[in-house]
Amino acid sequence: MTLNLENLQKEARAELEKVAHRVDLEDWWRANLGRKGKIQRLTRRFGELEPRERSAFGQQINEIKTGLKAAFEAKTAEVERNELEARISAASIDVTLPGRRSSQGGLHPSTRIMRQMYRIFGDMGFQIYRSPEVVTDQQNFEWLNMPPHHPARDMQDTFYTTEEGILLRTHTSPGQISAMLEYHPEPVRVIVPGMCYRSEQITARSEIQFNQIEGLAVGHGITLGDLKGTLTEFAKRLFGDDRKTRFRASYFPFTEPSAEMDVSCFQCNAEGCQLCKYSGWLEILGCGMVHPAVLRNGGYDPDEYSGFAFGSGPERIAMMKYGITDIRSFWNNDLRFLEQF
């Protein structure tokens, strides 16, 4: 019986050495260590042994089982490793190459410009003030010196809601009134960023939704010189110290006097190109001294207080700064466009 055990062990190990696939491993296990395997069948012959031989025989069977199981596990690891290497080789993958870095997202160009503007005005002492996007007709127009039937309303095609007198703001200027009413009688120095909505035809230069950043400063003795100095410093910090600026007279119902601000074209260095329409200048914002009627609606006495306001479109500035020709690109979610920033 002992001789049979030794022979079975040698045969089992020899068969195991020849195994090259996991399917063959399973067959080997069933043939040798399974419930109906060769080793298991020998244990049923205990009755043929003398009582004094049974203990030694059982111990020898356990030792053989333990040895064959260890050999089986080692062979399994070897077969799996060989199969993995074969799959890698077939796929032509060089596992010695360095790993590829996972791609990371970037900031949207509108967000990049807006954060730059926040930082610049923050250094000048302006706080960010949030105002609602859904406002009343009074907040969006009347308190800003645009009573019903005022011709300036025609400049802003408006999205009205089903509730009478409620609309999506057409500009961030209603935030001026909200800020003044909240801070009165203290001085005010805020910027009001946010999304605006106008029922316009979508073209390469106009959208139905766009970001805007409103600025407001109210206090004692604020002059037009303060407005020009603030915005000139802003333009130089955003576009570069070598940028020249100019102010042109304009009209806005909520400021008096009103102006538009231009910077010298940074693409052609003010010599004239397609971007600046061969004028050498690029318009970046509208501004002016807060109209006395608007100051009064915000709770301030225009005889004691004065202030200035300005409004700028970050998408317009981003288009000029990055050479973007179509404003629709900001909202198309085209990764080919967004991954450039």
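The values are calculated or read from the model by the stated rules, or taken from the named source; none is laboratory data. Owing to the predicted nature of the structure, the values given are computational and were not obtained by experimental measurement. Methodologically, a virtual Cβ is constructed for each residue, glycine included, from the backbone with ideal geometry; neighbour enumeration extends over all protein chains shown.
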Meets criteria (hydrophobic (A, V, I, L, M, F, W, C), more than 47 Å from the chain's Cα centre (by Cα) and closer than 30 Å to Gln40 by Cα) for Ala77 = no
Given Gly323, Gly311, which one is in contact with a strand residue (DSSP E or B) (Cβ under 9 Å, 6 or more places away or on another chain), among the small types (Gly, Ala, Ser) and either modelled with pLDDT of 95 or more or more than 30 Å from Thr223 (Cβ to Cβ) (or both)?
-> Gly311
Hey, can you tell me all the residues within region 195-251 that are surrounded by fewer than 16 Cβ atoms within 10 Å (Cβ to Cβ), among the small types (Gly, Ala, Ser) and not in a strand (DSSP E or B)?
-> Ser199, Ala204, Ser206, Gly221, Gly225, Gly229, Gly240
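Results for (1) at pLDDT 90 or above; (2) among the aromatic types (Phe, Trp, Tyr); (3) over 20 Å from Ile317 (Cα atoms); (4) in the same structural domain as Met289 (by TED's automatic domain parsing), shown as yes or no for each residue.
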| site | (1), (2), (3), (4) |
| --- | --- |
| Phe159 | yes, yes, yes, yes |
| Leu167 | yes, no, yes, yes |
| Pro193 | yes, no, no, yes |
| Phe210 | yes, yes, no, yes |
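Going residue by residue through region 143-151, is there one that turns out to be in contact with an Asp or Glu (Cβ under 7 Å, 6 or more places away or on another chain) and buried (at least 21 other Cβ atoms within 10 Å of the Cβ)? Step through it out loud before you land on a result.
As a first pass, look at region 143-151 and keep what is in contact with an Asp or Glu (Cβ under 7 Å, 6 or more places away or on another chain): none.
No: region 143-151 contains no residue that is in contact with an Asp or Glu (Cβ under 7 Å, 6 or more places away or on another chain) and buried (at least 21 other Cβ atoms within 10 Å of the Cβ).
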Can you name every residue in region 171-194 that is surrounded by fewer than 22 Cβ atoms within 10 Å (Cβ to Cβ), out of contact with any Ser or Thr (no Cβ under 9 Å at 6 or more places or on another chain) and not in a loop (DSSP other than H, G, I, E, B)?
-> Leu181, Glu182, Tyr183, Arg189
Test set (1) at pLDDT 95 or above; (2) within 20 Å of Glu200 (Cβ to Cβ); (3) acidic (Asp, Glu) - Asp154 fails condition number | (1)
Find all pairs meeting these conditions: Cβ atoms under 7 angstrom apart; at least six residues apart or on different chains; first residue within region 282-308 and at positive phi; second residue of a type in the set (Asp, Glu) and not in a helix (DSSP H, G or I).
-> Gly288/Glu256
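Quick one: is Arg81 of a type in the set (D, E, K, R) and touching a Phe, Trp or Tyr at 6+ places or on another chain (Cβ under 7 Å)? I'd like the intermediate steps shown before the answer.
Values: of a type in the set (D, E, K, R): yes; touching a Phe, Trp or Tyr at 6+ places or on another chain (Cβ under 7 Å): no.
Answer is no for this residue.
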Pairs returned, first residue in region 250-272 that is in contact (Cβ under 8 Å) with a residue 60 or more places away in the chain, second residue that is among the aliphatic types (A, V, I, L, M) and in a loop (DSSP other than H, G, I, E, B), beta-carbon separation under 8 angstrom, 6 or more apart or interchain, are Pro253/Met146; Phe254/Met146
Where residues in region 102-118 are exposed (fewer than 15 other Cβ atoms within 10 Å of the Cβ) and in contact with a Lys or Arg (Cβ under 9 Å, 6 or more places away or on another chain), which of them is modelled with the highest pLDDT?
-> Leu107
Mind checking which pairs have a first residue in region 175-193 that is over 15 Å from Phe310 (Cβ atoms) and a second that is aromatic (Phe, Trp, Tyr) and surrounded by 20 or more Cβ atoms within 10 Å (Cβ to Cβ), Cβ under 6 Å, 6 or more apart or different chains?
-> Ile177/Trp143
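Counting just the residues of region 85-123 that are part of a helix (DSSP H, G or I) and among the aliphatic types (A, V, I, L, M), which one comes out farthest from Leu216 (Cα to Cα)? Quick ask: steps written out before the conclusion?
Applying the first criterion (part of a helix (DSSP H, G or I)) to region 85-123 yields 85-90, 109-123.
Still in the list and also among the aliphatic types (A, V, I, L, M): 86, 88, 90, 113-114, 117, 120.
Details: Ala86: 70, Ile88: 64, Ala90: 67, Ile113: 19, Met114: 16, Met117: 14, Ile120: 15 Å.
The selected residue is Ala86.
Out of region 225-249, which residues are polar (S, T, N, Q) and touching a residue at least 40 places away in the same chain (Cβ under 8 Å)?
Quick first cut of region 225-249, residues polar (S, T, N, Q) only: 230, 232, 245.
Of everything in region 225-249, just one residue is polar (S, T, N, Q) and touching a residue at least 40 places away in the same chain (Cβ under 8 Å), namely Thr230.
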